[in-house]
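Notes for the one structure printed next.
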Amino acid sequence: HMTEETMPAYIDRIRRFKPRFIQAYPSIAAILARYMEEHDIEPFPTVKAVLCGSENLYPWQRDLIREAFGCRVFSWYGNSEQTVLAGECEESTRYHVFPEYGIVELIGRDGRPVEGPGETGEVVTTNLTNFVCPLIRYRTMDAAVLGNAPCSCGRAYPLLEKVEGRLQEFIVTKDRRLIPMTAVNMHSGVFDNVAQFQFYQKREGEVLLRIVKRPRYTEEDTAWILRELGEKFEGDVDVTIRFVAKIPRTRLGKYQFLIQDLPLDRWGISEDEKEWRTESG
Ligand SMILES: [Zn+2]
């Protein structure tokens, strides 16, 4: 809902609230930052840092947000299952894994821990704070790169050079709002009879939803899915469903939930980064 029309109200509200920190999805903070830059709006004097999580933070977003807000951007990595928490320190942009919160392993395609700095593996985690429902060696489906050498800040924490897993995926509405895929996730059992699914977009306000059915799938599932998506998209995206036999995985063996064919560079994601995103899956 952050549009040209509503943005002044958000900015006014933030200014009156006088926050010291802003915690946001980078995609959202970037939309606000771009608006502030385009309209020569001064940074909020009280804000000391912008804390970004839940999505990949792209370098262009970091620069844009830092410029517009006039302060440092810190990225952190965690999940709602609370098995991993990692964040940047004051001296670097590497992720410091908090070992008292959870144990983090990076597991390679051969099922063994990756060795040596610069190696990429899947983030496999064991939480140390949840005594009710412990998750042991829990696969996050995120990929990360092992860090090298201790950080100059002196904290003796394991380091991740970068987290590649939360690859930012947007669906573009008819009025060019960007809806992150993280906002589209549906927990309510809608996809119970769906084996695999994938969104594909090549026109604003339209998506194709590819579905691999489970045996119990019926017309009722189709109606339910369309109804749920209609609510998520608030009618701003037309959804067409196509049934397919198989949805291929990416090179890293992950599912890609959205294939975005629109040139999102017009909204901020450059072609280079889009290619990088596609390659790293
Ligand atoms: Zn550090």
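Only the coordinates and a few stated rules stand behind these numbers; no lab work does. Keep in mind the model is a prediction, meaning the values are calculated, not measured. In this analysis, Cβ positions are derived from the backbone assuming ideal geometry, glycine residues included, and neighbour counts consider all displayed protein chains.
Treating each Cα of the chain as an identical point scatterer and summing with the Debye formula, the log10 of I(q)/I(0) at q = 0.13, 0.16 Å⁻¹ comes to -1.03, -1.41.
Placing +1 on the Cβ of every Lys and Arg and -1 on the Cβ of every Asp and Glu, with nothing else charged, gives the chain a dipole about its Cα centre of roughly 560 debye.
Label separation (K202 vs R216): 3.5 nm, computed from points 7 Å beyond Cα along the C-beta direction.
Segment 1-73 has equivalent-ellipsoid semi-axes of 17, 14, 12 Å, by the square roots of 5 times the alpha carbon gyration tensor eigenvalues, sorted largest first.
In summary, the aspartates and glutamates within cross-link reach of K162, defined as a Cα separation below 13 angstrom excluding same-chain residues under 8 places away, comprise E55, E88, E119, E122, D142. Modelled spin-label separation between M2 and D40, with each label point placed 7 Å from Cα along the Cα-to-Cβ direction: 2.3 nm.
Only bridges with both residues in the chain count here: give the DSSP antiparallel percent, nearest 5. Could you put the intermediate results ahead of the total?
Working: 32 of 49 bridges.
Around 65 percent of the beta bridges assigned by DSSP in the chain are antiparallel ones.
With the simple spin-label model, which puts each label point 7 Å out from Cα in the Cβ direction, the R242 to E115 separation comes to 4.6 nm. Other residues with beta-carbon under 13 Å from the beta-carbon of L159 carry, at +1 per Lys or Arg and -1 per Asp or Glu, a net charge of -1. Measuring r between the beta carbons of L226 and R176 and using R0 = 30 Å, the FRET efficiency lands at 0.85.
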